[in-house]
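Here is the structure we will look at.
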Amino acid sequence: MKNNFSNIKKSKYYLDKNECIGIPTETVYGLAANAYSQKATSKIFKLKKRTKKNPLIVHYHNLKMLKNDCQTNAYFIKLYKKLCPGPITFVLRLKKSSNISKNVTNKKKTLAVRFPKHSVTRKLLKELKYPLAAPSANISSRISPVSKEDVKDEFGKKIKFIIDGGRSKIGLESTIVSLINKPQILRLGGIKVSIINKILKTRLKFKNKNKKIIIPGQGKIHYSPGIPIRLNIKKPKQYEAFMLIKKKKLSDKNFYYLSKTNNLKEAAKNLYKTMRIIKNKNFKCIAVEKIPNTGFGEVINDRLKRASAK
Ligand code: TXA
Ligand code: MG
């Protein structure tokens, strides 16, 4: 965090050369590249082992830059004014005149955009002449990274540079809202749906019954630590790592607290970090205490369900 100035110079150097770097955001760390460059964005897909069918989120510093690439509308402006920069992603119509690489959109006419809040990444975006395409900095379907070390854990020496921006404050991805026709919640995340509803005076709900996958990257298996996960567990088995949200009288070395006080926001922040620690300790299975399905609990349950899908 100390060397912000030189970090930003170094990042700009690599990005201008069409390289990918790791960037901190308040949600999770991103694997970033010049969104206008075919060459740079190709590298993201290769590093992440991501199918080209799965489009990327593009990160902007401000509205002026966004308007080069997207059509905005009244819903967007309302949400932008109240919530940006922040953990929300908008799907908007792409302008014909946009320079966004075809890799980013999978040749579609929509674009997912976001204005991250993390101060270092905001400083970086301000210095660049292009927006940054940045999916979460993990190998596809694995756990998203919430620190520089996590990004290293995923890619080792394969990426040139990672900006250290400390632990991601929210620890889960952004909420995605499509504003193409009627507003629609595509992914739960860092901004509660109730807040979006209040601003738009709507009654949107997140519908995900595994019927049809509306967004390519939200398949059943996702955010997976690569070992089985059992949900709603009261008593874990001896060999399991146990993730909890409330302090227990009797404790055990295999207990991993997401929160000790039933604080769901704190638990959300610790979820990916804790799953990564457990995975790296070579546990064969994770058991999870029942998490109430309210507020951030709903987001945690969404991620756990996908992480445990077979
Ligand atoms: O918090 C976040 O959103 C993080 C940080 C780094 O900004 N990024 C992130 O990106 O989570 P990613 O690629 O891991 O997830 C983006 C999701 C994918 O599921 C992708 O399919 C979907 O957004 N997506 C991208 N473009 C889309 C579009 N035009 N329409 C619908 N879904 C889209
Ligand atoms: Mg991701």
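The values are calculated or read from the model by the stated rules, or taken from the named source; none is laboratory data. Just so you know, these numbers come straight off a predicted model, no measurement behind them. When we count neighbours, we look across all protein chains shown, and the Cβ atoms used for this are built from the backbone with ideal geometry, even at glycine. SASA here: full protein model, heavy atoms, side chains in, ligands and nucleic acids out. Shrake-Rupley method; radii C 1.70, N 1.55, O 1.52, S 1.80 Å.
Of all residues in segment 107-124, those satisfying the criterion of being part of a loop (DSSP other than H, G, I, E, B) and either more than 13 Å from ligand 1 (Cβ to nearest atom) or open to solvent by less than 60 Å² (accessible area, probe 1.4 Å) (or both) are Phe115, Pro116, His118. When Lys95 is tested against (1) away from ligand 1 (no atom under 12 Å from the Cβ); (2) loosely packed, with under 15 Cβ neighbours inside 10 Å; (3) of a type in the set (Lys, Arg), exactly one condition is not met: (2). Flag: Ser6 does not match the condition of being of a type in the set (Ser, Thr, Tyr) and under 16 Å from Ile159 (Cβ atoms). With respect to (1) under 15 Å from the mean Cα position of the chain (by Cα); (2) crowded, with 24+ Cβ neighbours inside 10 Å, the lone exception for Val104 is condition (1).
Selection of first residues in segment 219-235 that are modelled with pLDDT of 90 or more and away from ligand 1 (no atom under 13 Å from the Cβ) and of second residues that are open to solvent by 70 Å² or more (accessible area, probe 1.4 Å) and not hydroxyl-bearing (Ser, Thr, Tyr), restricted to Cβ pairs under 7 Å at least 6 apart or on distinct chains, gives the following pairs, ordered by first then second residue: Ile227/Lys284; Asn232/Lys290. Here Leu31 clears all of (1) in contact with a Lys or Arg (Cβ under 9 Å, 6 or more places away or on another chain); (2) in a helix (DSSP H, G or I) except the condition numbered (2). Confirm whether Thr202 is surrounded by fewer than 18 Cβ atoms within 10 Å (Cβ to Cβ), in contact with a Pro (Cβ under 9 Å, 6 or more places away or on another chain) and not basic (Lys, Arg). When the stated conditions are applied, Thr202 passes them.
Within the option set Ala74, Ala32, being closer than 27 Å to Ile191 by Cβ, open to solvent by less than 10 Å² (accessible area, probe 1.4 Å) and either touching a helix residue (DSSP H, G or I) at 6+ places or on another chain (Cβ under 7 Å) or modelled with pLDDT of 95 or more (or both) holds for one residue only, Ala32. Residue pairs whose Cβ atoms lie under 8 Å apart, separated by 6 or more positions or on different chains, with the first residue in segment 49-68 and more than 21 Å from Glu154 (Cβ to Cβ) and the second at pLDDT 95 or above and open to solvent by 30 Å² or more (accessible area, probe 1.4 Å), are His61/Arg122; His61/Lys126; Leu63/Thr72; Leu63/Tyr80; Leu66/Thr72; Asn68/Lys95; Asn68/Ser97; Asn68/Asn99. Restricting attention to segment 158-201, the residues that are of a type in the set (A, V, I, L, M), over 16 Å from the mean Cα position of the chain (by Cα) and in a strand (DSSP E or B) total 1.
Within segment 125-139, being open to solvent by 60 Å² or more (accessible area, probe 1.4 Å) and part of a loop (DSSP other than H, G, I, E, B) holds for one residue alone: Lys129.
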